[in-house]
1. Express in whole angstrom the spacing between the alpha-carbon centres of segment B:23-84 and segment B:260-294.
2. Report the net charge of residues surrounding B:PRO140, where surrounding means a beta-carbon distance below 9 angstrom and charges are Lys +1, Arg +1, Asp -1, Glu -1.
3. Counting other Cβ atoms within 10 Å of each Cβ, which trypsin sites (Lys or Arg not before Pro) in segment B:51-112 have at most 16 and sit in a DSSP loop?
4. Structure shown: which of B:LYS273/B:LYS307; A:LYS2/A:LYS227; A:LYS220/B:LYS307; A:LYS194/B:LYS22 lie over 26 Å apart, alpha-carbon to alpha-carbon?
5. If exposed GluC sites (Glu not before Pro) are those in a DSSP loop with at most 10 other Cβ within 10 Å, what is the longest stretch of chain A that has none?
6. Give me the net charge for the shell around B:LEU339: Cβ to Cβ below 12 angstrom, other residues only, Lys and Arg +1, Asp and Glu -1.
7. With +1 on each Lys and Arg Cβ and -1 on each Asp and Glu Cβ, and nothing else charged, work out how big the dipole of segment A:131-322 is about its Cα centre, in Debye to the nearest 20.
8. Reported to two decimal places, what Rg/Rh ratio describes the protein assembly as shown when computed on Cα atoms with Rh from the Kirkwood expression?
Protein chains: 2
Amino acid sequence: MKKVNVAIVGATGAVGTKILEKLLEREFPVESIKLLASKRSAGTEITADGQTYIVEETVPESFEGVDIAFFSAGGSISEKFAHEAVKRGATVIDNTSAFRMQENIPLVVPEVNASALSGHTGIIANPNCSTIQMVAALQPIREKYGLERIIVSTYQAVSGAGAEAIDELEGQSQQFENRAETEASILPSAAAKKHYPIAFNAIPQIDAFDASGYTLEELKMINETKKIFGDPQLAVAATCVRLPVVTGHSESVYIELGEEGVTVEALHALLEKAPGVVVQDDPSTQTYPMPLFAEGKDEVFVGRIRKDPNHSAGYHLWIVSDNLLKGAALNSVQIAENLIQ
Amino acid sequence: MKKVNVAIVGATGAVGTKILEKLLEREFPVESIKLLASKRSAGTEITADGQTYIVEETVPESFEGVDIAFFSAGGSISEKFAHEAVKRGATVIDNTSAFRMQENIPLVVPEVNASALSGHTGIIANPNCSTIQMVAALQPIREKYGLERIIVSTYQAVSGAGAEAIDELEGQSQQFENRAETEASILPSAAAKKHYPIAFNAIPQIDAFDASGYTLEELKMINETKKIFGDPQLAVAATCVRLPVVTGHSESVYIELGEEGVTVEALHALLEKAPGVVVQDDPSTQTYPMPLFAEGKDEVFVGRIRKDPNHSAGYHLWIVSDNLLKGAALNSVQIAENLIQ
C-alpha cells in the first residue's frame with residue numbers, strides 16, 4: 001500500500017489531537033504527518049507515540065505534497081484553506097460545518113454511506129458529532145425495516161464546545177454552594193451574547209439560533225441525517241441540550257419504522273451484528289449506556305430499546321458515544337481509511 | 001373560613017419541609033400543625049417562620065383531630081397509615097405513588113382537573129413530579145386544540161431521589177479528575193442493586209424496571225398523564241433520565257395537536273394566560289427555561305416552542321419546574337386550598 005502524506009489543521013484542538021492519536025493507534029500508513037494550527041500555536045511541540053511534532057502555521061503552501069488534509073479548526077479556517085489544499089492535490093476531510101450541505105460534497109459516515117465517497121471532488125465532509133452516532137446506530141434498522149420518522153432529544157457533553165468549555169465546567173463544579181451565581185464566559189457558545197453556567201444546569205441551546213427558532217445544532221441533525229441517508233422525505237425532529245458532562249453525547253431517540261410489529265429482540269439481534277455498534281441493554285442487570293463510561297471508547301453504544309405500546313411501529317433507543325472519537329476524530333480517520341483502500 | 005388542623009407525615013424529608021414552608025408562606029388557614037416522621041426522627045426540632053415544631057413518631061392515633069394530612073414519607077408509610085388517618089376523619093393528600101392509579105382515588109393537578117376532587121372518598125393523590133409540570137403546561141393547549149400524542153424525554157434533578165442524592169452529587173462533583181472511579185451508593189435509586197456516579201454523567205434509569213423494559217418513572221408519566229387528562233386513548237411515550245442537576249426537572253416534549261396549522265404565536269399567547277405557567281421564549285435574547293434558575297420558584301416555565309416542519313400538527317416545548325415545589329409540595333398545598341374553598 002502506498003504511504004500517505006497527512007496534514008492536520010487544528011492540530012492543537014480537542015479533535016485535532018484525537019485525529020493524530022487515532023492515525024497512530026490504527027496504524028494508518030503515513031509517510032509524513034504535518035501538524036498545522038494558527039500563527040499563535042506555531043512552534044508548539046506535540047508528542048505522540050514517542051515522537052515529537054512541531055506545529056506549523058497554516059498557510060496555502062502548507063499543503064504542497066500533502067495527500068490527505070484533516071481540517072478541524074472551525075468553519076472559517078476550512079473556508080479559507082480547504083480549496084487551497086485541494087488545488088495543491090490534497091483530499092480534504094473537513095470536520096466543520098462549512099461544506100456539509102453543499103450538493104457536490106459527500107457527507108460520510110463509513111458504516112452508512114461509504115459509497116458516497118466515489119463521487120468526491122476533493123472535499124469530503126465529516127458530519128456533526130450528534131448526527132454521526134445516531135445514523136450509525138439507525139442504519140441497520142433503516143436498511144432492514146425502513147425508517148419513517150425520527151424524534152430525538154440530545155444530552156450533549158461540553159467537550160463538543162472545545163477545551164475551554166471543559167475548563168469552565170471543572171471550575172464551576174467546585175462551587176456547588178454558589179451554583180446560581182457561578183461565572184460563565186464560554187457556554188452555550190463563545191460567540192453568544194449571553195453565557196450561562198453549565199455545572200448543575202441544562203442549557204437548551206447549542207450553537208446559534210436561526211430565524212425559525214431552531215438552533216443550528218438542531219438543523220444540522222435534521223438536514224445532515226436526511227443527506228447521509230439519502231432520504232429528503234424522512235421526518236426528523238430534534239431538540240439539542242448541553243449538559244454538565246465532560247465527554248460523551250447521549251440521545252433519546254424515538255423512531256417509527258416502515259414496518260409494523262417488529263420485536264425488540266429482532267432489533268437487538270440486528271444491532272448486535274452492526275459494525276461499530278455495541279448493544280448494552282439488560283434491565284435485569286441495570287445495563288444501559290452512560291456517557292461517563294463511553295468516554296475514550298470507539299463504539300456507538302445502544303440500550304433502553306423499547307416498543308411504544310401506543311404505536312405499532314414506534315420504538316425508543318438510548319444512544320451514547322464519545323463525541324470526540326466516533327463523533328469526530330475516529331470518523332474522519334475511517335473516511336481516510338476508506339479513501340486509500 | 002374555618003381553620004384547619006394539619007399533619008405532615010415525612011416532615012423531615014426534602015418534600016415534607018417544603019410543604020411546611022408553603023403552608024406558612026401561602027397563609028393557609030391552619031389551626032394547628034403536627035409534624036410526623038419515623039421513630040428515629042421523633043424529637044427533631046424544626047423551626048419555620050419563627051416557630052419551633054417538635055417532630056413526633058407517626059402512629060395511628062396521630063391522626064385524631066386532624067382535618068388534612070399530607071403524606072410524603074414513601075409508599076409503604078402511606079399504605080400503612082393513610083387509611084388510619086381517613087378512619088379518624090382526616091382527608092389525606094398523598095405525595096407517593098401508593099394510590100395514584102386506584103380508580104376511586106382522584107389524581108389532581110388543580111390547574112387541570114380540580115373538579116376531580118369532588119368525588120373523593122378520603123384520599124387524594126398528588127401526581128409524580130415530572131408528570132405535574134408537563135400536564136400543567138399542556139392543559140391550555142389540550143383544552144383549545146386537542147392533544148393526540150406526547151413524546152417526552154426528561155432531564156431530571158437528583159433532589160427527586162431525596163436529600164442523600166444531593167449529598168452524593170456534591171461529593172462526586174469535587175472529584176473531577178477521577179470521575180469514572182467516583183464512588184456511588186444512592187443513584188439511580190437506593191434500592192437498586194448497582195449504583196452509578198451521577199456527577200458528569202446521565203443515567204437513563206429512574207426508579208426500578210418493570211418486565212416491559214420501561215422504568216416505573218416512565219410508566220408513571222404515561223399512566224398518570226392519561227388519568228389526569230381523563231383520556232385513556234392519548235398516546236404518551238416517555239424516556240426518563242437523571243442528570244447532575246440539584247433541583248429542577250427539564251423536559252423535551254413533542255406534541256401532536258388535534259388541529260393542524262396552529263401558529264407558534266397562538267401557543268405563546270395561550271400559555272402566557274395559563275395559570276401557574278411562565279413563558280420564557282425569545283431566541284433573540286437567548287431566553288429559555290433552565291433548571292438552575294427555576295430552583296425555588298413556584299411556576300412551570302415553558303420555552304423553545306417550535307413547529308415541526310415535517311408534521312402539520314407537531315410542536316416542541318421545553319418545560320422546566322422546581323420538582324420539589326410545583327412537582328410536589330406546592331401542588332399538594334394547592335390541592336388542600338381547593339379542598340377548603
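The values are calculated or read from the model by the stated rules, or taken from the named source; none is laboratory data. Computed from a prediction, not measured in an experiment: that's the story for all the values here. FYI the Cβ positions are ideal-geometry reconstructions off the backbone, even for glycines, and counts take in every protein chain you see. Note: accessible area is taken over every heavy atom of the protein model, side chains too, but ligands, DNA and RNA are not part of it. Shrake-Rupley method; radii C 1.70, N 1.55, O 1.52, S 1.80 Å.
1. Segment B:23-84 and segment B:260-294 have Cα centres separated by 37 Å.
2. Surrounding charge for B:PRO140 is +1.
3. Here the sparse-neighbourhood loop sites are B:ARG88.
4. From B:LYS273/B:LYS307; A:LYS2/A:LYS227; A:LYS220/B:LYS307; A:LYS194/B:LYS22, over 26 Å: A:LYS2/A:LYS227; A:LYS194/B:LYS22.
5. Formally, the longest exposed-site-free interval is A:104-341.
6. -1
7. Around 360 debye, computed over segment A:131-322.
8. In the protein assembly as shown, Rg relative to Rh is 1.01.
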